[in-house]
1. Examine the range 121-129 for a residue that is open to solvent by less than 100 Å² (accessible area, probe 1.4 Å), at negative phi and not in a helix (DSSP H, G or I), and state whether such a residue exists.
2. Could you tell me which residue of the range 37-73 is farthest from residue 6 (Cα to Cα), considering only residues that are open to solvent by 60 Å² or more (accessible area, probe 1.4 Å) and of a type in the set (A, V, I, L, M)?
3. Picking from 83, 89, which residue would you name as being farther than 23 Å from residue 127 by Cβ and open to solvent by 40 Å² or more (accessible area, probe 1.4 Å)?
4. Can you name the residue in the range 1-19 that is under 16 Å from residue 137 (Cα atoms) and open to solvent by 30 Å² or more (accessible area, probe 1.4 Å) and is also modelled with the lowest pLDDT among such residues?
Amino acid sequence: MTPEIQTFLLAMTPVGELRAAIPLGLTFYKLEPATVYFLSVLGNIFAVFLIFTFLGIFSRRASRKIYFFNRFFNWLFSQTRKNHYDKVNKYGLYLLPFFVAIPLPATGGWTAAFIAFVFGMPFKKAFPLISLGVLMAGLIVLMITFAGISVEKYLGWQALLGFLLMGGLGWLMYNIKNKKT
């Protein structure tokens with residue numbers, strides 16, 4: 001399998017998405033930045049399209065034919081809407097691109113597609129907004145990857161590892177502090 005296809009497929013995965021495809025495409029596969037960006041964004045958007053297309057079909061058919069799925073989807077929709085409807089109603093569809101663009105775990109095209117599905121957001125509105133977020137996330141990840149490559153090139157891999165560990169430790173301490181308050 002070619003590096004281009006691997007980059008495209010990695011961008012389609014729920015955990016990796018752009019956050020794995022772009023760094024691997026640039027550093028491991030040694031692809032051109034424009035190629036990596038295009039393939040990663042295209043793969044991620046294609047995964048979002050598949051989720052929108054097939055999750056609705058699956059949930060409708062499974063709910064009609066299998067009692068367990070009917071109960072599960074009714075519970076999922078009612079609980080999620082009950083717990084989060086105010087936030088989604090207040091901020092609306094238009095925060096989806098910013099939610100997707102933040103390159104953190106659990107904020108990506110897959111999660112946004114599931115959010116749009118559960119809250120019944122129309123495809124014609126949600127899909128372009130999620131795609132815009134994927135485009136922004138791709139640029140952010142590309143810039144962060146270039147910064148990491150530069151640090152490694154000029155200061156060494158030890159400095160890069162140190163920066164990553166310090167950033168991770170700072171993020172962990174911030175989250176622990178916020179949970180106490």
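The values are calculated or read from the model by the stated rules, or taken from the named source; none is laboratory data. Note that the structure is a prediction, hence the values are computed from the model and not measured. Positions of Cβ are generated from backbone atoms using ideal geometry, with glycine treated the same way; all protein chains shown enter the neighbour counts. Quick note on the areas: whole protein, heavy atoms, side chains included, nothing else; ligands and nucleic acids left out. Shrake-Rupley method; radii C 1.70, N 1.55, O 1.52, S 1.80 Å.
1. yes
2. Looking only at the range 37-73, we keep the residues that are open to solvent by 60 Å² or more (accessible area, probe 1.4 Å), and these are 38, 42, 46, 49, 54, 57-58, 60-61, 64-68, 71-72.
After this cut, where a residue has to be of a type in the set (A, V, I, L, M) as well, the list is 42, 57, 66.
Numbers: 42: 13, 57: 28, 66: 36 Å.
Filtering first and then ranking leaves 66.
3. Numbers: 89 fails: farther than 23 Å from residue 127 by Cβ.
None of the others qualify; the one that does is 83.
4. Applying the filter and picking the extreme gives 15.
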